[in-house]
Amino acid sequence: MTTVESTPLLSRRQINLIVGGLMVGMFLAALDQMIVATAIRTIGDDLNGLTVQAWVTTAYLIASTLSTPLYGKLSDIFGRKPLYIFSLGSFVAGSLACGMVTNMYELAAFRAVQGLGAGGLMALALIILGDMLSPRERTKYQAFFFGVFGVASVLGPVLGGFFADAPELLGVSGWRWIFLLNVPLGAIALFIIIRVLHLPHLHKSVKIDWWGVGTLIVAIVPMLLVVEQGRTWGWTSPAVITLGIVSLAGIAAFVLAELRAQDDALLPPRIFHNRTVSVSTGLNFIMGFAMFGGMAGLPLYTQIAKGMSPTASGLSMLPMTLGIIAMAGTSARVIHQTGRYKFFPIIGTSLLVVASVYLSTLRADGPIWHLYLGALLFGLGLGGVMQPNMLAVQNAVEPRDMGAGSASVMFFRQIGGSLGTAVFLSVLFSTVQGDIADEFQAAAQTPEFQQVVSDPATLDNPTNAAILGVIQSGSLDSADGLSLDDTSFLKELDPVLAAPFEEGFADAIGNVLFISGMIAIGGIFFALFVPQLPLRETSGLEQMHAEQKQEEADAEAASAGGAADPDASLEGAGAGPEPDQR
């Protein structure tokens, strides 16, 4: 019989402390992706390994994506606390090691350790919240959790730029503090979790789904390698084609392994028979694809088309953060009072479509409030989708599947986001040169451009001279030292010559955002089919206690019935059909 450790219910003070510790952990994991991306060029230069910088990002992405469903399933088996302690400990240890590396290969290896921890910090925080609180009560806290993502999206570039620009802080290279800062904050969160988090967990005999683990690795690692390296290697290169075939084979093998493992599977097939889970999985994949793909273009717009620094670019995304927090808070209050959540994903996906189409009209010379309004709408859309959708899944699954169900939501969102970012950046960089050429043709007809081109003083600037050579040859590749992979040369250009580059990037980014909006329409379709179920009034922990008591009561009743009339069961057995001997 399944048993549960006897543990007293948590007090409000304990819940608040646990939530605080979980939020710190989730913030560190979310911030780490943003902050490293901003400072990676400085890190690569300092470690003499700029050419291998992509592996630093790839290692983190692979480890965090793979570990997300593992943490969800294993925490259902072995309990939340030991898995969370392991994930937070891995993240802190990886951060400390990253702050002490001497080359980029070491950094990539220790970023994988960080990613292994980050997968648990993101998934387990929401799973633990589901254990502690009923769905109706949970909404108030989930609003803060999803607000963390918005805050991290703003602070990441700001802090990344600050640490990257600082030669030294307390005798240590500035960029190393990007990782070292995680150590004291992570230690505080770890102390709180160890001292306060005491949740019961199921003791049950299970088999680890090793085939599922192995085939998932075969499916995901090649896929993410293609996502991160495809544009560099070439989408039709032998390496990309080979890895794509291996990934497809891994996906097929993973599906077969999960069907064979059934209840022991990493992602048990039975949870996808639940309409809420299956529909929400599709919604999260599409929204991850459209959301992260669209968001990848906005920092490029602010830094290239608008010429902002990474710090200013991060601050320009503040309206998006405010939108996420505002909508998450509003949905939390409404769901808490009414118990209804279905219409929020519909509103959220609709706002994402409107925001993406609106942002696709951005121009390099347009007013900055245009960006702010679009970012605010985008944030409102994200806040309307993320929290209610997770709540719907956690409310629909059985307590034993809380981990697997919650992790599946985040896993498919992360896969969709990774694929969306790769696809949209590929579209962006494959079309931007044509857009820049069109802008140059239009600018060449203006008196300002003709005056600059005919001025001999223009050639005194080597960068100007190189761009004039590009105009004559028609290809940026013919200019020595100039590449769209490094647009810092725009700062040295005459503003009139730089304008076509800025407008060309704005046009290409606008096309990406428009495509993102069209894909998000598919999210509306899925949101319409999310079932509206009554919210449970008990937490996962309370449901486990209730199930245990029911099992004990049934066992006592069966025992008492057998003792009272031992012949009754024999008579019943003889009168009925032959018992199943399997």
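The values are calculated or read from the model by the stated rules, or taken from the named source; none is laboratory data. It should be emphasised that the depicted structure is a prediction, and the values quoted were computed from it without experimental measurement. Neighbour counts run over all protein chains shown; Cβ positions are idealised from the backbone, glycine included.
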Which condition number does Ser278 fail, the rest of (1) touching a residue at least 24 places away in the same chain (Cβ under 8 Å); (2) under 21 Å from the mean Cα position of the chain (by Cα); (3) assigned to a helix (DSSP H, G or I) being met? (1)
Could you list all residues from the range 281-298 that are more than 15 Å from the chain's Cα centre (by Cα) and either surrounded by 22 or more Cβ atoms within 10 Å (Cβ to Cβ) or of a type in the set (S, T, N, Q) (or both)? Gly297, Leu298
Filter the range 3-34 for residues that are among the small types (Gly, Ala, Ser) and farther than 30 Å from Gly160 by Cβ; the one that is modelled with the lowest pLDDT is Ser6
In the list Ala364, Ala312, Ala328, which residue meets the criterion of being within 20 Å of the chain's Cα centre (by Cα) and not assigned by TED's automatic domain parsing to the domain that holds Phe27? Ala328
Restricting the search to the range 254-263, which residues are within 26 Å of the chain's Cα centre (by Cα) and touching a residue at least 40 places away in the same chain (Cβ under 8 Å)? Phe254, Ala257, Glu258
Picking from Ala328, Ala312, Ala332, the residue that is at pLDDT below 85 and either out of contact with any Lys or Arg (no Cβ under 9 Å at 6 or more places or on another chain) or of a type in the set (Val, Ile, Thr) (or both) would be Ala328
Looking at the range 147-180 only, could you name the residues that are under 21 Å from Met317 (Cβ atoms), buried (at least 18 other Cβ atoms within 10 Å of the Cβ) and over 21 Å from the mean Cα position of the chain (by Cα)? Gly161, Phe162, Phe163, Ala164
Would it be correct to say that Asp32 is more than 16 Å from the chain's Cα centre (by Cα) and acidic (Asp, Glu)? no
All but one of (1) within 26 Å of Pro495 (Cα to Cα); (2) in contact (Cβ under 8 Å) with a residue 40 or more places away in the chain hold for Asp401; state the number of the condition that does not hold. (1)
Reported set for the range 430-457 where residues are part of a helix (DSSP H, G or I) and over 23 Å from Val512 (Cβ atoms) is Pro447, Glu448, Phe449, Gln450, Gln451, Val452, Val453, Ser454, Pro456, Ala457
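Table: residues versus (1) assigned to a loop (DSSP other than H, G, I, E, B); (2) closer than 30 Å to Leu352 by Cβ; (3) small (Gly, Ala, Ser).
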{"position": "Val246", "(1), (2), (3)": "no, no, no"}
{"position": "Ala249", "(1), (2), (3)": "no, no, yes"}
{"position": "Ala253", "(1), (2), (3)": "no, no, yes"}
{"position": "Leu259", "(1), (2), (3)": "no, no, no"}
{"position": "Ile271", "(1), (2), (3)": "no, yes, no"}
{"position": "Phe285", "(1), (2), (3)": "no, yes, no"}
{"position": "Gly288", "(1), (2), (3)": "no, yes, yes"}
Picked from the range 515-539 (must be of a type in the set (A, V, I, L, M) and assigned to a loop (DSSP other than H, G, I, E, B)), the residue modelled with the highest pLDDT is Val530
Among Gly130, Gly79, Gly49, which is surrounded by 24 or more Cβ atoms within 10 Å (Cβ to Cβ) and in contact (Cβ under 8 Å) with a residue 40 or more places away in the chain? Gly130
Report, by residue number, each residue of the range 328-381 that is under 26 Å from Val512 (Cβ atoms), among the small types (Gly, Ala, Ser) and part of a loop (DSSP other than H, G, I, E, B). Ser360, Ala364, Gly366
Which members of the range 109-127 meet the condition of being out of contact with any Lys or Arg (no Cβ under 7 Å at 6 or more places or on another chain), among the hydrophobic types (A, V, I, L, M, F, W, C) and in contact (Cβ under 8 Å) with a residue 40 or more places away in the chain? Ala109, Ala112, Val113, Leu116, Ala118, Leu121, Met122, Ala123, Ala125, Leu126
Would you call Thr102 within 23 Å of Val226 (Cβ to Cβ) and in the same structural domain as Arg176 (by TED's automatic domain parsing)? no
Residue check, Gly99 buried (at least 19 other Cβ atoms within 10 Å of the Cβ), of a type in the set (Gly, Ala, Ser) and touching a residue at least 40 places away in the same chain (Cβ under 8 Å): yes
(1) at pLDDT below 85; (2) farther than 30 Å from Thr232 by Cβ; (3) of a type in the set (Ser, Thr, Tyr) all hold for Ser418 apart from (2)
So is Ile188 of a type outside the set (Gly, Ala, Ser) and surrounded by fewer than 18 Cβ atoms within 10 Å (Cβ to Cβ) or not? yes
Assuming Met390 fulfils every condition listed in (1) more than 19 Å from Ser516 (Cα to Cα); (2) out of contact with any Leu (no Cβ under 7 Å at 6 or more places or on another chain); (3) part of a helix (DSSP H, G or I); (4) aliphatic (A, V, I, L, M) apart from one, which condition is it? (2)
